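Values in this text are rule-based calculations from the coordinates and carry no lab data. Keep in mind the model is a prediction, meaning the values are calculated, not measured. Methodologically, a virtual Cβ is constructed for each residue, glycine included, from the backbone with ideal geometry; neighbour enumeration extends over all protein chains shown.
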Amino acid sequence: MRILSITAGAAGMYCGSCFRDNALARELMARQHDVTLMPVYTPTRTDETNVSRRGVLFGGISVYLQQYSSLFRKTPWFLDRLWDSPRVIDAFAGRAVSSDARLLGNLTVSMLKGEHGALRKEFDKLIEWTRDEAPPDVVNLPNSLLIAMAGPLKRAFRKPVFVTLQGEELFLDSLPSPYREQSLALIRSHIDAVDGFIAVSEYCAEFMRTYLGIPAARISVVPLGIDMSGYQAHEPGSGPFRIGYFARIAPEKGLQVLAQAYVKVRQRTGADLRLDVAGYLAQAHAGFLRDATRIVERAGFADEFNYAGELDREGKLGFLRRLDVLSVPATYDEPKGMFLLEAMASGVPVVQPRRGAFTEVVEKTGGGVLVAVDDVDALADGLFQLWQNRDQAAALGKQAFAGVRQHYTIQQSATRLLEVYGARTAAATP
């Protein structure tokens with residue numbers, strides 16, 4: 001099968017959606033499928049071999065310039081190539097190309113207006129690009145924020161177009177009014193141009209059905225999967241009990257909640273514990289990390305908090321192997337939870353609030369403890385339970401190790417994706 005998969009760069013940071021798109025493309029290529037993984041906005045960054053093309057569509061700097069200056073909507077295309085160069089975009093990633101939803105209301109609306117908005121030139125470039133591409137059997141867009149591409153790509157290739165749903169509601173809900181309402185209305189206006197929607201969890205499918213008004217029959221679930229190579233089972237050591245956090249450092253991921261719970265556990269045990277934290281930190285959230293650190297410092301446990309920074313693949317594997325338990329107590333209904341799969345692949349049990357996709361991942365694998373949402377005391381109780389009962393923690397770790405391999409491998413995810421493509425493609429054939 002020939003597959004064109006669009007993937008959205010994240011301004012130079014590691015991104016779970018980029019990881020998923022890249023891992024699936026790698027697995028499908030390994031099965032001899034012809035896959036083009038094409039970035040938009042910025043090049044993607046992954047901690048595995050990156051199989052995406054080096055160039056980008058809808059270069060982030062071009063898009064920004066055209067949005068805020070009508071002059072750049074008329075410049076010759078050959079000039080745009082100067083700032084569409086991946087090297088230039090990489091140099092400005094995180095500065096000229098922001099991923100902060102609060103600053104991107106106008107841009108989001110323009111993108112969703114598609115061929116009829118301020119970014120019409122970029123849609124013209126998209127059509128021109130398709131003329132030099134071998135027609136795919138199927139096209140996949142990485143999220144509903146790019147749904148305006150569905151119609152033009154479907155007309156250009158006359159093939160089914162799919163849209164993956166993988167957490168864009170967090171971005172949409174952070175848009176200020178009236179951009180949020182306008183964006184949702186525009187997404188809904190493009191739904192009929194899409195042949196099928198792919199949700200990354202059962203929770204995601206049910207939520208997005210209501211959120212975007214997508215008929216249930218048009219949403220298929222393709223659970224997340226990860227490449228298990230390199231993951232080794234955690235072996236409990238004789239050192240301090242290590243509570244870990246591995247995710248982007250951002251308010252909605254709940255690091256401050258975990259810091260508060262850690263203090264409660266530490267005061268309750270009086271034993272040697274550590275709070276080990278790692279993950280991408282945007283400059284805008286540096287103060288949030290400081291606040292989480294101060295929670296632990298004020299309780300007198302400053303030496304027990306460690307932020308390891310952003311980790312590459314080897315660093316990630318080593319970090320996870322050292323943990324006794326992982327918790328990322330997100331304050332919203334997370335539809336993915338890839339960090340749970342990564343911890344479980346290392347035989348590390350998790351303690352998570354019973355919300356979003358966390359519930360189905362923990363229940364399906366049996367690799368952790370679910371606690372009440374937005375409840376620091378409940379989270380502390382769950383962590384204390386595993387500190388106190390090491391046999392239970394070890395048993396959950398073994399179940400996590402086995403369960404994630406039973407349900408969440410990249411091979412299983414790719415097989416399911418091909419099933420969805422095949423069924424929808426057959427249905428769309430006259």
Which whole-number percent is the relative contact order of segment 22-69 (Cα, under 8 Å, 6+ apart)? 34 percent
Counting other Cβ atoms within 10 Å, keep those with at most 11, restrict to DSSP loop, and tell me which GluC sites (Glu not before Pro) in segment 334-400 are left. none
In which sequence would Arg120, Arg290 go, from the one with the fewest C-beta neighbours within 10 Å to the one with the most? Arg290, Arg120
May I ask which residue of Ala271, Ala402, Pro329 lies farthest towards the positive end of the charge dipole of segment 241-407, with charges of +1 (Lys, Arg) and -1 (Asp, Glu) on Cβ and the Cα centre as origin? Ala402
Can you sort Phe301, Phe319 by how many other beta carbons sit within 10 Å, fewest first? Phe301, Phe319
Range of Cα positions in the chain per principal axis (Å), largest first: 66, 44, 36
Segment 241-407 - percent relative contact order, Cα under 8 Å, separation 6 or more: 24 percent
Separation between Cα centres of segment 396-421 and segment 200-238, rounded to whole Å: 10 Å
Where the centroid of each part is defined by its Cα atoms, how far is segment 162-181 from segment 288-341 in Å? 26 Å
Mean separation of Cα pairs under 8 Å and 6+ residues apart, divided by the residue count of the chain: what relative contact order is that in percent? 13 percent
Check which residues have an amide H placed less than 5 Å from Ile226's amide H, if you skip close sequence neighbours. Thr409, Ile410
In debye to the nearest 20, the charge dipole size for segment 157-307, taken about the Cα centre with +1 at each Lys and Arg Cβ and -1 at each Asp and Glu Cβ, equals 160 debye
Answer with one residue from Leu146, Pro135, Phe171: the one whose Cα lies farthest towards the positive end of the charge dipole of segment 127-180, charges on Cβ with Lys, Arg +1 and Asp, Glu -1. Pro135
Taking a ≥ b ≥ c as the square roots of the eigenvalues of the Cα gyration tensor of segment 317-412, is the shape rounded (a/c under 1.5), prolate (a/b larger than b/c) or oblate? oblate
Percent of all alpha-carbon pairs of segment 241-407 at distances over 22 Å, whole number, is 35 percent
Name the lysines eligible as straight-distance cross-link partners of Lys336: C-alpha to C-alpha under 17 Å, and not fewer than 8 places from it in the same chain. Lys253, Lys364
Computed for segment 280-430: size of charge dipole around the Cα centre, +1 on C-beta of each Lys and Arg, -1 on C-beta of each Asp and Glu, debye to nearest 20, value 520 debye
Taking every other residue with Cβ under 15 Å from the Cβ of Arg268 and scoring Lys and Arg +1, Asp and Glu -1, one gets -2
Mind pulling the angle between the C-alpha long axis of helix 255-269 and the longest principal axis of the chain? Nearest 10 degrees, somewhere in 0 to 90. 10 degrees
Using Cα positions and a limit of under 28 Å, work out the lysines in reach of Lys121, with same-chain residues fewer than 8 apart set aside. Lys74, Lys113, Lys154, Lys159
With a sphere of radius 9 Å drawn around the Cβ of Ala199, what net charge do the other residues whose Cβ falls strictly inside it have (Lys, Arg +1; Asp, Glu -1)? -1
Restricting to DSSP loop positions (anything but H, G, I, E, B) with no more than 13 other Cβ atoms inside 10 Å of their own Cβ, which chymotrypsin sites (Phe, Trp or Tyr not before Pro) remain in segment 49-86? none
Counting only DSSP loop positions in segment 128-189, the trypsin sites (Lys or Arg not before Pro) whose Cβ has at most 16 other Cβ atoms within 10 Å are Arg131, Arg158
Starting at the first residue of segment 337-347, write each ³J(HN,Hα) from the Karplus equation 6.51 cos²θ - 1.76 cosθ + 1.60 with θ = phi - 60°, in whole Hz, x for Gly and Pro. x, 4, 4, 5, 5, 5, 5, 5, 4, 9, x
In Hz, Karplus ³J(HN,Hα) per residue of segment 206-214 (6.51, -1.76, 1.60; θ = phi - 60°; x = Gly, Pro): 5, 5, 6, 4, 7, 4, 9, x, 8
Tell me, Thr36, Thr210 in order of fewest to most beta-carbon neighbours within 10 Å? Thr210, Thr36
